[in-house]
Amino acid sequence: MKSKNIMMYKKHMYVVGRVLMGLFFVVAGLMKLMEPAGTAAAMTNAGLPMAGILVWLVIVFLIVAGGMVISGRMLCLSGVLLSVYVLLASFLFHMGDASGFMKNIALIGGLLAFSSSCMDKKCCAGGVCKPFGSNDAPVEREHHPEHDHGGHNH
């Protein structure tokens, strides 16, 4: 029974962590949506071209990719893309802010950890990431010799 409880906690911790990570990006996108001119001005100051268009692409990207992390869909792709985004944002906007820069490095670590937990074709192609089995948690199966088929899986 103890092992089953541990598996249940792993499932819940994984899902809560994924939701919190995704919410970070959805909220960031929504905050940029409330003040796109300020974000565009920061992009222009950083030397980025076409900031007026780029700001809208970033807003959509953050909301959609954050939502994908929350839902677990295409988690390896969204995690890697968000990692690249955070890395670029770190060097463009947070080089003078050691705390903000290190926070972003930690975010990249978390995103890559989530991404690596789902590095299979189904997840990367749009399936829901379930790294621990069909219920997002490690599944322990009881061994039933009467169900053995000579070592072959059917």
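Looking at VAL26, VAL16, can you tell me which residue is exposed (fewer than 15 other Cβ atoms within 10 Å of the Cβ), under 23 Å from VAL64 (Cβ atoms) and under 21 Å from the mean Cα position of the chain (by Cα)?
Working: VAL26 fails: exposed (fewer than 15 other Cβ atoms within 10 Å of the Cβ).
Result of the check over VAL26, VAL16: VAL16.
When you scan the range 69-154 for helices (runs of 4 or more DSSP H) that lie fully inside it, which ones turn up with 2 or more residues that are loosely packed, with under 14 Cβ neighbours inside 10 Å and at pLDDT 90 or above? Outline the logic, then answer.
On the way: elements: 75-93, 98-116, 121-124.
Because the criterion is at least 2 residues that are loosely packed, with under 14 Cβ neighbours inside 10 Å and at pLDDT 90 or above, the helices (runs of 4 or more DSSP H) in the range 69-154 that meet it are 75-93, 98-116.
When residues of the range 54-68 are filtered for being over 16 Å from LEU107 (Cβ atoms) and crowded, with 21+ Cβ neighbours inside 10 Å, how many remain?
Pass one, the range 54-68, residues over 16 Å from LEU107 (Cβ atoms): 54-57, 59-60, 63-64, 67.
Right, trim to crowded, with 21+ Cβ neighbours inside 10 Å and you get 55.
So the answer is 1.
Given the condition in contact with an Asp or Glu (Cβ under 7 Å, 6 or more places away or on another chain), assigned to a helix (DSSP H, G or I) and over 17 Å from LEU82 (Cβ atoms), answer yes or no: does some residue in the range 15-36 qualify?
From the range 15-36, those in contact with an Asp or Glu (Cβ under 7 Å, 6 or more places away or on another chain) are 15; that's our starting set.
Still in the running and assigned to a helix (DSSP H, G or I): 15.
Now narrow it down to the ones that are over 17 Å from LEU82 (Cβ atoms): 15.
Yes, the range 15-36 has at least one match.
Output the number of residues of the range 44-63 satisfying the condition of being of a type in the set (A, V, I, L, M) and without any contact (Cβ under 8 Å) to a residue 24 or more places away in the chain. Spell out how you get there, then give the answer.
First pass over the range 44-63, keeping only residues of a type in the set (A, V, I, L, M): 46, 48, 50-51, 53-55, 57-60, 62-63.
Among the residues that remain, those that are also without any contact (Cβ under 8 Å) to a residue 24 or more places away in the chain are: 50-51, 53-55, 57.
The total comes to 6.
The values are calculated or read from the model by the stated rules, or taken from the named source; none is laboratory data. This structure is a prediction, so every number in the text was calculated from the model and none was measured. Here Cβ is always computed from backbone atoms with ideal geometry, including for glycine, and neighbour counts include all displayed protein chains.
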